[in-house]
There are 2 protein chains.
Amino acid sequence: MSDSNDNAWTRRDFVQSAVSGAVLVATPSFLRAAGVGGGADGDKAAVLAQIPKQHAENIKRLQDWIALPSIAAENRNYPQGAEYMMKLAAEAGFTDLKIIPTSGKPGVFGRLDAGAKHTLAVYFMYDVKQFVPEEWSSPPLEGRLVEKPGLGTVIMGRGAVNQKGPENAFLAALAAFKASGKKLPVNLVLVAEGEEEIGSPHFGEIVSNPDVLPYVKPCIGVLLPNASQEQDGSVTVEAGAKGICEIELVSSGEKWGRGPKKDIHSSLEAQVDSPSWHLVQALNTLVEKDGHTPAVPGFFEKVRPLSDAQKKMVLEFAATVPEATIKTKYGVERWVKDEDWQTSLLRLYSQPTINIEGLVGGYTGPGGKTVLPHRAVAKIDMRLVPDMTTEDTMEKLRNHLAHQGFGDIEVTMTGGYNPTQTDPDSPFFKAVVASFSRLGAKPLVVPRSPGSWPGYRFTDAPLSLPAGGFGMGYGTGAHAPDEHFLIESKNPKVQGLDGAIASFVEFLYAVA
Amino acid sequence: MSDSNDNAWTRRDFVQSAVSGAVLVATPSFLRAAGVGGGADGDKAAVLAQIPKQHAENIKRLQDWIALPSIAAENRNYPQGAEYMMKLAAEAGFTDLKIIPTSGKPGVFGRLDAGAKHTLAVYFMYDVKQFVPEEWSSPPLEGRLVEKPGLGTVIMGRGAVNQKGPENAFLAALAAFKASGKKLPVNLVLVAEGEEEIGSPHFGEIVSNPDVLPYVKPCIGVLLPNASQEQDGSVTVEAGAKGICEIELVSSGEKWGRGPKKDIHSSLEAQVDSPSWHLVQALNTLVEKDGHTPAVPGFFEKVRPLSDAQKKMVLEFAATVPEATIKTKYGVERWVKDEDWQTSLLRLYSQPTINIEGLVGGYTGPGGKTVLPHRAVAKIDMRLVPDMTTEDTMEKLRNHLAHQGFGDIEVTMTGGYNPTQTDPDSPFFKAVVASFSRLGAKPLVVPRSPGSWPGYRFTDAPLSLPAGGFGMGYGTGAHAPDEHFLIESKNPKVQGLDGAIASFVEFLYAVA
């Protein structure tokens, strides 16, 4: 699925080649901070000093968690994943832990009352993406420590970076508070879900649960623990994310009442209609002749243009990140409509899209097989910008298809959520930037991620909280084989596990 | 692939529900014929009488052959398959056996000089379709004997009906001649290929080989041993077959020079072109607005209309085979353009097609995955009628795509051949009908198969021979799991192995 992970993925690709001068990370600040004594700073120093001492147990916690993959698409390890999430939260100091039932997989809720003035909400996903062990160089459930040349020692396993690694770093930060006997500067509530990788279809039920909502409502913001660094040390901070509708369009003889109801021999196409041609014709109506611009009537109706401040962020990004390296990175020679770098980035951050993720029909193996398929499927994602909503956009899509004579095509939203937006001038956001700066990195702020995560459940009414995914550290391979998260960094610009933990300690103080 | 097998497949579907009165098969004629003495009829009786005696060894020959699958798509068992084909042919009495090298997999050629006046060519394929053992109820390479309720004992294995079963029945007919000490009434040449299942891409090299062509040229016709019966005993005889182009259309960022050169995150579709949309737009130009009629300019230019005699065949077929049962069989509620049964059958037998066999792009698994695929593929087959050719049709397709702005889309013909046509009034064809009649079945002749086989290599210049796939017996599951061929029939209307062998003995006498 998309979500925080996509979010990270996209940003990661984007800034990998960013000018490193702007975002250099120097000596981990927790080593420096450890020298400071007295008061809150003294507390923080004591907490930070704990981190290296708990290094081994912090690794083991992650390895044990990786060994228990909850995968909603495979109905694997439920409710065990939720129960394990409760156990981890309890060890970190959370109380009042509850399984939150949904129509799908359960969520987990808990509180950590530190007697502080403010409360921060933390969003966790305890599920991971499917994996094919044969494709991995290291067993995906073992979380082995592996040397990566130029990078250092990484932990390799499914969920290592998406999202157990960063989440474990956050739990390790809480463990450091506990071990040092210092109180958290901020109270916490934990909201965890187990369906992020299938598009968080029931996350709304968790957030609106009467055992959850009243505790999240007064929070000062919502943190999604993330590994936001690049291998060159750079950090981009996204003040929101596009929304998404993930859809399957299914054309079938059954629903159409034309064509066959099962795959038949292709020679019969002479006298039997083809659900595949029907799908092709339907798809063809979704974009303009340019093969890109969404052609669904009213699609752009609710698009809120970028503000001047947002445009300025984009232009700063364009000036900082070199176009040529990004083009090379993606294997892209030309942007849409042959636009220049600035125009294309303004488009990226401001425009909604209709994309074909996948096409599946009939025979998909090597060579050919002479069938007239009874069914053809297009996997589509639509990215939404404020003030679009999934509901309105889906309705427009359905109306359009019906109007064009494709009302028989089944339109199923398999996952999705509205766009999310947080004011970069909010105290929450400023605390994020401050915690990065403490660790020596000046982040590059952009209006939103072109990817998606279900943050709108927090940022929209009734909660209307600032929310975002942040944290130091590095990892890659989300959804892919050999997913990994950096433990011991050989690169002074990039934080390993201890630095990632330190960034959460810094953040908790900064946000308090 | 298509070919003889498709041919059988299509016809099989079509006539399964044919009025059985027209095509009833009574007591196997070889039992009756065995009572006749003296002369050619006495010889035939002696040969037919051998068949039941060799029953066990005829089954074993097929089982041993099934155990050695040659699969060109997997480069499996070459040259072993060709060597085994030589061994089988040698045992059946062929001499001068030769491996015929090609740019692909080798063919096999041999002669059987019986001192007869005429020579018949026999076309064999020694390769089989890929298979997935897990999908089978019986190990696909064991050729186990399995009871099928209502049908009898079948041999189950890959190639059982497509095409080793019928070919083995033909070899068994030769073994019956040998065992009875009777001379064949006709000389034989064997032309075998090992790439039928990938579209016979090098079969032309085999036929035109100087070690082959001079021997095939004087033949009276070409037989493809087939199991032409249905479970209800009916038989359709096709006086030809449509040609085919199997094609892959590949749209990719690499070739296009737009879009990505590898799969990237779908959020980037905002600024990067999509090879999938490009493919959809290209496909959309291939058919008219009706979603069916080929829209490639000049596509119908060379289509030869059905003759009055051919139309008469179709109308007889329409009058014999009930529309409702065929619609149920296919799961079809309406024919193209809501035509009636006769009109739709005239379309089926006379019109060329462009069909989508498969669509493959990006993420094809369960649920969604937010990628912008760098590549999307449409698997297309075009069925050709006389006087269309693969070469001319491919050129028209390529020109059309280039003209419409899709010249970057790679167009690969993965297999294919021209249409094939034989005069149903030819002596060869009359011998086929006679041999069926001897076994109590009155076949229904149709202008051509809407499916395809590479018979044009024989029926077109320079050979210009009559050619077709025929033989009694029953089998099903070509290309599918649990492929099987009937050995002991419980249904008096359907021939088992011995009856299939007898039909080839009858045919050899009839064609001589």
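If the requirement is being closer than 30 Å to B:Ala500 by Cα and not small (Gly, Ala, Ser), which of these qualifies: B:Val287, B:Val216, B:Val250?
B:Val216
Report yes if B:Ala89 is within 13 Å of B:Ala192 (Cβ to Cβ) and under 20 Å from the mean Cα position of the chain (by Cα), otherwise no. Steps first, please.
Values: within 13 Å of B:Ala192 (Cβ to Cβ): yes; under 20 Å from the mean Cα position of the chain (by Cα): no.
Spelling it out, it is not the case that B:Ala89 is within 13 Å of B:Ala192 (Cβ to Cβ) and under 20 Å from the mean Cα position of the chain (by Cα).
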Q) What about A:Val336, is it touching a His at 6+ places or on another chain (Cβ under 7 Å) and among the hydrophobic types (A, V, I, L, M, F, W, C)? A) yes
(Q) Of all residues being closer than 30 Å to A:Pro427 by Cα and among the β-branched types (Val, Ile, Thr) in the range A:114-161, which is nearest to the chain's Cα centre (by Cα)? Just the residue, please. (A) A:Val161
Q) For the range A:146-161, what are the residues that are part of a strand (DSSP E or B) and more than 19 Å from A:Trp65 (Cα to Cα)? A) A:Glu147, A:Lys148, A:Gly152
Q | helices (runs of 4 or more DSSP H) lying entirely in the range A:207-320 (those with 1 or more residues that are more than 11 Å from every other protein chain (Cβ to nearest Cβ), touching a residue at least 40 places away in the same chain (Cβ under 8 Å) and in contact with a helix residue (DSSP H, G or I) (Cβ under 9 Å, 6 or more places away or on another chain)) | A | A:213-216, A:253-256, A:308-320
Q | Selection count, the range A:445-495, where residues are assigned to a strand (DSSP E or B) and more than 14 Å from chain B (Cβ to nearest Cβ) | A | 12
Q: Scan the range B:92-111 for residues that are over 24 Å from the mean Cα position of the chain (by Cα) and among the basic types (Lys, Arg) and report the count.
A: 1
(Q) Consider the range A:455-469. How many of its residues are surrounded by fewer than 24 Cβ atoms within 10 Å (Cβ to Cβ) and in contact with a Phe, Trp or Tyr (Cβ under 7 Å, 6 or more places away or on another chain)? (A) 1
Q: Output the number of residues of the range B:175-194 satisfying the condition of being part of a loop (DSSP other than H, G, I, E, B) and touching a strand residue (DSSP E or B) at 6+ places or on another chain (Cβ under 6 Å).
A: 2
Q) Which members of the range B:431-486 meet the condition of being over 25 Å from B:Asn355 (Cα atoms) and without any contact (Cβ under 8 Å) to a residue 24 or more places away in the chain? A) B:Ser437, B:Ala461, B:Ser464
**Q.** the range A:175-189 residues that are of a type in the set (S, T, N, Q), paired with ones that are in a helix (DSSP H, G or I) (beta carbon under 6 Å, 6 or more apart)
**A.** A:Ser180/A:Ala46; A:Ser180/A:Val47; A:Ser180/A:Gln50
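Read the figures in this text as sums done on the coordinates, not as results from a lab. All figures in this text were calculated on a predicted structure; none of them were measured in a lab. Because the Cβ atoms are built from the backbone with ideal geometry, glycine has one as well, and the counts that use them run over all protein chains shown.
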